[in-house]
Amino acid sequence: MSNDNQTASDAGVRPDNQDGSIQMQNLTKIYDPDGESVTAIDEIELNIEAGEFVSLVGPSGCGKSTLLDCIAGFIEPTYGHIYVDGTRVDGPGADRGVVFQENRLLPWKTVRENINLGPKMRSETIDGRAEELLSKMGIEGTGDQYPTELSGGMQQRAEIARLLANDPEIMLMDEPFSALDALTKEIMQELLLEIWEEDNRTVVFITHDVEEAIFLADRVLIMTAGPGRIKETIDVDIERPRDLDVTTTPQFNELKEEALGHIVEEAREAMESGQ
Ligand code: ADP
C-alpha cells in the first residue's frame, strides 16, 4: 500500500483511478494468409468501463486472442477502431499490460531485474519497487532468483509483478492460469481479485473455464464461433469481495448454467461448420 511519501506509481497502486476505459467501434480483423481470408472478429461494438473486470469466453478459434491483441496494439484491425480513454490505439503502450499463459520473463535475468526492466527503460526510480511488488504477490525474497528456479505459480506471480511495475491502466490477460494445477489456479484467482480490488485497474481476462470467468468478472462476454462477435453478455451480480465459496451457491450455479448453455451452442456450431 502507498503511504504519504510514495507516489501511486512508486507503489504500483492506483487509488480512485478513473482511467482505463476501452471503446471498440466496428472492430474487425481479417487475416489473409495466402489469399484465403479468415475473418477472426467481425464488427465488434463494445464499451468497457474504467476499473471494470470483464471475462471473455468462447470456443477455440472464435477470435478471443485477436480481440485482446487488438486492444494491446500488437495487431492492427482491418476495419474499425479501439479507443483507450478516448485516444485511438495505434500500437502497444505502457497503459496496457499483457499476461499470457506462458510468462514473458527473461530467463537470463533475475526476477528483480525482470520487474525493474520496464521502469528502467522509462528512466523511472526503482528503489524498492520490485521488493514491494514481490511482497504484494506473496513471493517476497525471490528477487535474486532466476525465473526457471521458481514453480509455475510463482513465475506467474513474478510475471504479474513485472506487469504491475509498469503501472498499466489496463491488464489484458490471455488464459494466464490455464497451465497451472487446480489448487494453484484457485490461489491465483483469489490473489488477482485482491489486487484488482486494491488497485482499481481495468481487466480483460480470456479463459476457457466458465467458473473462472464468472468468479472473477463483473461481466462475462460470450463470443460466437468464428467470425467472432459478442453473442451474449452475462452480468455477474455477486457481491464483492468474493472468495471461492461463492462458486457453490445457487446464484453462481444459475449463472454457470446460463453461460454453459450459450457456450455449448456455439461450440456445436463451430464443430458443424468444421472450425
Ligand atoms: P481464439 O483466441 O478464440 O482461439 P484466435 O484469435 O487465436 O482465436 O483466432 C481466430 C481465428 O483467426 C482462427 O480461425 C485462427 O485460425 C485465425 N488466426 C489467428 N491468428 C492468425 C494469423 N496470424 N494468421 C491467420 N489466421 C489467424
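The values are calculated or read from the model by the stated rules, or taken from the named source; none is laboratory data. Everything quoted here is computed from the prediction, not taken from an experiment. Cβ: placed from backbone, ideal geometry, glycine included. Neighbour counts: every protein chain shown. Quick note on the areas: whole protein, heavy atoms, side chains included, nothing else; ligands and nucleic acids left out. Shrake-Rupley method; radii C 1.70, N 1.55, O 1.52, S 1.80 Å.
Quick notes
- Flag for Arg201 being within 23 Å of Trp108 (Cα to Cα), crowded, with 21+ Cβ neighbours inside 10 Å and touching a Gly at 6+ places or on another chain (Cβ under 9 Å): no
- Residue that is more than 18 Å from Ile222 (Cα to Cα), assigned to a strand (DSSP E or B) and in contact (Cβ under 8 Å) with a residue 40 or more places away in the chain, where the choices are Ile75, Ile41, Ile82, Ile115: Ile82
- Being out of contact with any helix residue (DSSP H, G or I) (no Cβ under 9 Å at 6 or more places or on another chain) and either under 29 Å from Ala225 (Cβ atoms) or at pLDDT 95 or above (or both) is a property that Asp69 has.
- The combined condition, being within 23 Å of His262 (Cα to Cα) and in contact (Cβ under 8 Å) with a residue 12 or more places away in the chain, is not fulfilled by Ile187.
- If you go through the range 206-218 and keep only what is more than 16 Å from Asn103 (Cβ to Cβ) and either in contact with a strand residue (DSSP E or B) (Cβ under 8 Å, 6 or more places away or on another chain) or surrounded by fewer than 19 Cβ atoms within 10 Å (Cβ to Cβ) (or both), you end up with Thr207, His208, Asp209, Val210, Glu211, Glu212, Ala213, Ile214, Leu216, Ala217, Asp218.
- Residue check, Leu221 outside any helix (DSSP H, G or I), in contact with a Leu (Cβ under 8 Å, 6 or more places away or on another chain) and either closer than 23 Å to Asp19 by Cα or open to solvent by less than 40 Å² (accessible area, probe 1.4 Å) (or both): yes
- Summed over the range 104-141, residues that are among the hydrophobic types (A, V, I, L, M, F, W, C) and under 14 Å from Asp167 (Cα atoms) total 6.
- Ser65, sole failed condition from (1) under 26 Å from Glu212 (Cα atoms); (2) open to solvent by 40 Å² or more (accessible area, probe 1.4 Å); (3) in a loop (DSSP other than H, G, I, E, B): (3)
- Scanning the range 85-112 for residues that are in a strand (DSSP E or B), of a type in the set (Lys, Arg) and open to solvent by 50 Å² or more (accessible area, probe 1.4 Å) yields a total of 1.
- Tabulated pairs, the range 134-157, first of a type in the set (Phe, Trp, Tyr), second assigned to a loop (DSSP other than H, G, I, E, B) and at pLDDT 95 or above, C-beta under 9 angstrom, 6+ apart or interchain: Tyr146/Leu105; Tyr146/Pro107; Tyr146/Trp108; Tyr146/Lys109; Tyr146/Thr110
- Restricting attention to the range 93-120, the residues that are modelled with pLDDT under 95 and within 8 Å of Pro147 (Cβ to Cβ) add up to 1.
- Taken together, the residues in the range 44-62 that are open to solvent by less than 10 Å² (accessible area, probe 1.4 Å), polar (S, T, N, Q) and either part of a loop (DSSP other than H, G, I, E, B) or within 12 Å of the ligand (Cβ to nearest atom) (or both) amount to 0.
- Restricting the range 156-181 to residues that are open to solvent by 10 Å² or more (accessible area, probe 1.4 Å) and within 20 Å of Arg96 (Cα to Cα) leaves a set whose member that is nearest to the chain's Cα centre (by Cα) is Asp174.
- Residue in the range 118-151 that is surrounded by the fewest Cβ atoms within 10 Å (Cβ to Cβ), counting only those that are of a type in the set (Asp, Glu) and not in a loop (DSSP other than H, G, I, E, B): Glu149
- Close pairs from the range 224-237: first within 13 Å of the ligand (Cβ to nearest atom) and outside any strand (DSSP E or B), partner among the aromatic types (Phe, Trp, Tyr) and open to solvent by 20 Å² or more (accessible area, probe 1.4 Å), Cβ under 8 Å, at least 6 apart: none
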